[in-house]
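Q: Please find one structure pasted underneath; my questions will follow.
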Amino acid sequence: MRNGEEASVEIFVDFGLFELLAASGLAVMARRIYSKKALGVAFLLMSVTAPAATTVAASTGLQRGIALVSLATCLVNASVVLAVLQAGRVPELKLPSRFRPTRPGRDDVPGPGNARISPDPEGRGSGRPA
């Protein structure tokens, strides 16, 4: 409190909901943009032109280095997006589900070749299946 004013703090607790909605909106927008070839190529050219212009406009060596790293990563991303645009179909990112049942592995299923031998107390195998 200064000069008799009461300090107020506005708390906005959203637990990342705003960021999640923003990322979802960007994903939907990117899918629509890159689903159309002409629009996708236009956005691709803009995304490469901006780091290239920054590299030219950089005045110090550090700025130029940062701009070159940005341009390099942009060119890698642009090559991947261009390959997707040439394929004609924008793939959908599929994330693994936590609750999807998984098939047991070959070693998880008991069978004649997977019998485990339980050790005896002296550290030798007893020869009996577990």
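Q: Working only within segment 1-35, note down all residues that are at pLDDT 85 or above and of a type in the set (Ser, Thr, Tyr).
A: Answer for segment 1-35, where residues must be at pLDDT 85 or above and of a type in the set (Ser, Thr, Tyr): just Ser24.
Let's see how each residue does on (1) at pLDDT 80 or above; (2) out of contact with any Pro (no Cβ under 7 Å at 6 or more places or on another chain); (3) closer than 30 Å to Ala23 by Cβ:
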| residue | (1), (2), (3) |
| --- | --- |
| Lys37 | yes, yes, yes |
| Ala52 | yes, yes, yes |
| Gly61 | yes, yes, no |
| Val76 | yes, yes, yes |
| Pro104 | no, yes, no |
| Pro110 | no, yes, no |
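The values are calculated or read from the model by the stated rules, or taken from the named source; none is laboratory data. Note that the structure is predicted; figures quoted are calculated from it, not measured. Virtual Cβ from ideal backbone geometry, glycine too; neighbours counted across all protein chains shown.
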